[in-house]
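J.: Here it is: the structure, laid out below.
The values are calculated or read from the model by the stated rules, or taken from the named source; none is laboratory data. Worth saying up front: this structure is predicted, and the values here are computed from it rather than measured. Glycine also receives a Cβ, built like all others from the backbone with ideal geometry; neighbour counts cover every protein chain displayed.
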């Protein structure tokens, strides 16, 4: 098959490796991780534009390296060729190989913040800015020095403290080793960051099988296949996603 793959750049290295080794011809369209900063309908609209740009005379299907992602894929519609995406709540599932493996680790380690090469290289410092994103509209995507220039040092310090409030929801950092250039020191940086925050640290080996099956066309029950004339919907159960027909008119 020849596939069009639309992928979040957080899985950049993993996707590149799997595509290079795939038996299929896969053309990749990477999207900034900053897309998640948009409202759900805006994220869906931007992904739909990329889906619709796939030439049906050239591709047999459009694959997406995206999960439910806070309902950002809900409403995505297959026009003349099928859409395929993993049944997953978020992209951490991609690094575990299945939603069942991720759920098992999640249940045993609640309050965990995950890091990979992608989460390190595509962090807030390196994101492509989304000018219509929520963080930008609220003015919360600036550096500390930019806040100082605009609001003064005391206000800048307060803003940074408020923005860092999310850290209280976590107590552990887990670095997922995907076996791709793990000599770059990202695991050590994650360990140091966890120590500074007072979190415990764990390092585990990831699993590329879900991404491999996506690009190899091995679409079993871990994937949602959306036929033309249908769209992606949330299932609100362990299946995560389901297919529904596009309403007439």
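J.: Among the numbered criteria (1) out of contact with any helix residue (DSSP H, G or I) (no Cβ under 7 Å at 6 or more places or on another chain); (2) free of Cβ contacts under 8 Å to residues at least 40 places away in the same chain, which single criterion is violated by residue 34?
T.: (2)
J.: Continuing with this model, one more query. Would you point out which residue out of 232, 225 is over 21 Å from residue 95 (Cβ atoms), assigned by TED's automatic domain parsing to the domain that holds residue 87, under 20 Å from the mean Cα position of the chain (by Cα) and surrounded by fewer than 16 Cβ atoms within 10 Å (Cβ to Cβ)?
T.: 225
J.: May I ask you to list the residues in the stretch 29-47 that are surrounded by fewer than 17 Cβ atoms within 10 Å (Cβ to Cβ) and under 16 Å from residue 84 (Cβ atoms)?
T.: Result: 29, single match.
J.: Quick check on my filter: what residues within the stretch 185-209 are exposed (fewer than 13 other Cβ atoms within 10 Å of the Cβ), touching a strand residue (DSSP E or B) at 6+ places or on another chain (Cβ under 9 Å) and closer than 30 Å to residue 22 by Cα?
T.: Within the stretch 185-209, 205 is the sole residue that qualifies.
J.: Return yes or no: is residue 215 outside any loop (DSSP other than H, G, I, E, B), assigned by TED's automatic domain parsing to the domain that holds residue 51, touching a strand residue (DSSP E or B) at 6+ places or on another chain (Cβ under 6 Å) and closer than 18 Å to residue 95 by Cα?
T.: When the stated conditions are applied, residue 215 passes them.
J.: Quick one: residue 50 ticks every box in (1) assigned to a loop (DSSP other than H, G, I, E, B); (2) free of Cβ contacts under 8 Å to residues at least 60 places away in the same chain bar one, so which box is it?
T.: The failed condition is (1).
J.: Which residue, of 19, 26, 10, is in a strand (DSSP E or B) and crowded, with 19+ Cβ neighbours inside 10 Å?
T.: On the way: 19 fails: in a strand (DSSP E or B); 10 fails: in a strand (DSSP E or B).
The unique qualifying residue is 26.
J.: Moving on to the next point. Confirm whether residue 78 is in contact (Cβ under 8 Å) with a residue 12 or more places away in the chain, within 21 Å of residue 205 (Cα to Cα) and not assigned by TED's automatic domain parsing to the domain that holds residue 193.
T.: Spelling it out, it is not the case that residue 78 is in contact (Cβ under 8 Å) with a residue 12 or more places away in the chain, within 21 Å of residue 205 (Cα to Cα) and not assigned by TED's automatic domain parsing to the domain that holds residue 193.
J.: From the list 203, 242, exactly one residue is in a strand (DSSP E or B), closer than 30 Å to residue 56 by Cα and without any contact (Cβ under 8 Å) to a residue 40 or more places away in the chain. Which is it?
T.: Checking each option against the conditions leaves just 242.
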